[in-house]
Amino acid sequence: MNTTLRQQLATLIATPSITCTDASMDMGNLAVVEHIASWATELGFRCELQHVAPGKANLIATLGEGPGGLVLSGHTDTVPYDAARWKSDPFTLTERDGKLYGLGTADMKGFFPLALAAAHEAASVIRAGGRLHAPLILLATCDEETSMAGARALVAAGKPRARFAVIGEPTGLKPLRLQKGVMMERLVIEGRSGHSSDPALGHSALDAMHAALGELIGFRRELAERHHNPLFTVPTPTLNLGCIHGGDNPNRICARCELQYDLRPLPGMAMNELRATIAQRLAPLAEQFQVSIRSEPLFAGTPAMETPADSPLVLAAEALTGHASGAAAFGTEAPYLQELGMDALILGPGDIDTAHQPDEFVAIDRLQPTISLLSALIRRFCLSA
């Protein structure tokens, strides 16, 4: 591993950029994208910072001109960490047993120095007075781990425009062309409190929630029976009943109960149709239990994504890696890049099993193969006609 790559990775790991739904733990990513922008500028990229929120920004770095081209994309934020469970400082790049440890090494700050190293050949063409057949774009986003605000800002702005995109999430260098969607929903039932000695004095939100849970469990079973995609490790949609809160005392009829759940649809399943079906199934319970029922998303949701198996990007990645393309069990920004008109592929050096875990790492023997792979894709889609 060359000195520059190690120094760049160490710098990114040492620059905290945690995002969290808890505002007390949430940080910006501006310092991270400024580091990446400075290195990209040295290579000849034209860099644009897109400010999304205070202290938070996307970076769009472009080498070359014209339509089409290839995007190398990643997010710059990390999840929170439990320092007591780490064997080394999460913000110090530490080598041990052929691995580089640090928060974000796999998911996914480690991708950026590799993408920059792979861009050297294209940068040399520009410096020598030549031109790329199609542009190379380095994309670094904010808030992927929470709200997808960075990716949504890109879609709202309608940029970048390119033909293909590789997202360097941890896949063990195996190409993934599909992912499930991510929906996080809230169900709120409000009734009327009263003394528990006489059920007629109130309308129990907990009783109504019990019935609503039965409807959701039945819907989950129906989804699994109707929808199946063998490319996924879990080949059916999933619906997880995540947390529930209701009532305040044993001797009071519960006036309010809230459920939060997670639904992961397969490609081809529309989120708005799923929400409408759930609302329709729950509506009769309002009259039955004399309560109000409100169903709403915790965030807009990330749609499922599928890039065609015959996409030139998929075929190229399969040939270069020797692996048939598969499906991601986790969410990424791929659907948003697809919405911008790109064939998107998820492909990176880390392993998802180490992401969001203490002692997160990337294996050193994955680094050069990643650079070689990205270099070959840049030649194919940016340097060749």
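The values are calculated or read from the model by the stated rules, or taken from the named source; none is laboratory data. What you see is a predicted model; the values in this text were computed from it and never measured. When we count neighbours, we look across all protein chains shown, and the Cβ atoms used for this are built from the backbone with ideal geometry, even at glycine.
Couple of notes before you dig in:
- Filtered residues of region 148-187 (kept if surrounded by fewer than 19 Cβ atoms within 10 Å (Cβ to Cβ) and either in contact with a Leu (Cβ under 9 Å, 6 or more places away or on another chain) or under 30 Å from LEU206 (Cα atoms) (or both)): VAL155, GLY158, LYS159, ARG161, ARG163, LYS174, MET184, ARG186
- Qualifying residue in region 358-378 (condition: touching a residue at least 12 places away in the same chain (Cβ under 8 Å), assigned to a loop (DSSP other than H, G, I, E, B) and within 30 Å of VAL188 (Cβ to Cβ)): no
- Residues of region 29-55 satisfying the condition of being polar (S, T, N, Q) and either assigned to a helix (DSSP H, G or I) or out of contact with any strand residue (DSSP E or B) (no Cβ under 6 Å at 6 or more places or on another chain) (or both): SER38, THR41
- Hits in region 211-236 (condition: within 21 Å of THR171 (Cα to Cα) and either surrounded by 12 or more Cβ atoms within 10 Å (Cβ to Cβ) or at pLDDT below 95 (or both)): ASN229, LEU231, PHE232, THR233, VAL234, PRO235, THR236
- Residue identified as assigned by TED's automatic domain parsing to the domain that holds LEU347 and farther than 18 Å from ALA329 by Cα among SER311, SER292: SER311
- Search result, residues across region 258-292 that are in contact with a Pro (Cβ under 9 Å, 6 or more places away or on another chain) and either surrounded by 14 or more Cβ atoms within 10 Å (Cβ to Cβ) or over 24 Å from MET305 (Cβ atoms) (or both): LEU263, ARG264, PRO265, LEU266, PRO267, MET269, MET271, LEU274, ARG275
- Figure legend. Inter-residue proximity from region 204-217: first residues touching a residue at least 24 places away in the same chain (Cβ under 8 Å), second residues basic (Lys, Arg), beta-carbon distance below 8 Å, spacing 6+ or different chains. Indicated pairs: ALA205/ARG256; GLU215/ARG281.
- Region 38-73, residues that are touching a residue at least 60 places away in the same chain (Cβ under 8 Å), out of contact with any His (no Cβ under 9 Å at 6 or more places or on another chain), more than 25 Å from ALA149 (Cβ to Cβ) and not small (Gly, Ala, Ser): LEU63, GLU65, PRO67
- Taking region 1-28 as the range and being at pLDDT 95 or above, under 19 Å from THR92 (Cβ atoms) and not in a helix (DSSP H, G or I) as the test, the residues that pass are ALA14, THR15, PRO16, SER17, ILE18, MET27.
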